[in-house]
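Report on one structure; see the data block that follows.
Throughout, read-outs are computed from the coordinates displayed, never taken from laboratory work. A quick note: this is a predicted structure, and the numbers were derived from the prediction, not measured. Here the Cβ is made from the backbone with ideal geometry for all residues, glycine too, and neighbour counts use every protein chain on show.
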């Protein structure tokens, strides 16, 4: 990111939680972009609910994330609103679907990432 910023090789930066290695490192990338005067957005890579929550919190926490974000949101089977976005998974390990207001996904306000995990689903979907 630093090399891109120094060379002025981009006009905008698309931030991800997973690609740099987590929330802390994504915030570092955002800080470099902000220092270079580059506009940013936050995008998802078709994560499940845990990743969705992390992306939502990242987007909400960064003042440099001023461009529209693209975060596909998954939901527990039979619990979500249809027609919001593409459906990539038939189910999710979070207990509650994300909430919406006027077409926007609301950032969970509960402790941590603001989500709870369904222990039974974790056992059911565990690989190996």
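Some observations on this one:
- Helix 23-35 and the longest principal axis of the Cα set of the chain meet at an angle near 30°.
- Debye intensity ratio I(q)/I(0), log10, segment 2-125, q values 0.10, 0.19 Å⁻¹ (C-alpha model): -0.34, -1.02
- Between the Cα long axis of helix 49-61 and the first principal axis of the chain there is an angle of about 40°, rounded to the nearest 10.
- Entry note, the chain: the mean residue ellipticity at 222 nm calculated from DSSP H runs of n ≥ 4, each adding -39500 (n - 2.57), is -9000 deg cm²/dmol after division by the residues and rounding to the nearest 500.
- Beta bridges by DSSP in segment 2-125, antiparallel share as percent, to the nearest 5: 35 percent
- Considering only 95, 17, 48, the mean-square fluctuation computed in a Gaussian network model of the chain, springs between alpha carbons under 10 angstrom, is largest for 95.
- Here residue 7 and residue 61 are evaluated by their C-beta separation; at R0 = 22 Å the FRET efficiency comes out at 0.20.
- Here the Gaussian network model covers the chain, with springs between Cα atoms less than 10 Å apart; of 110, 39, 96, 110 fluctuates the most.
- Estimated at 0.36 nm per residue, the fully extended path between residue 28 and residue 77 surpasses their Cα-Cα distance by 14.1 nm.
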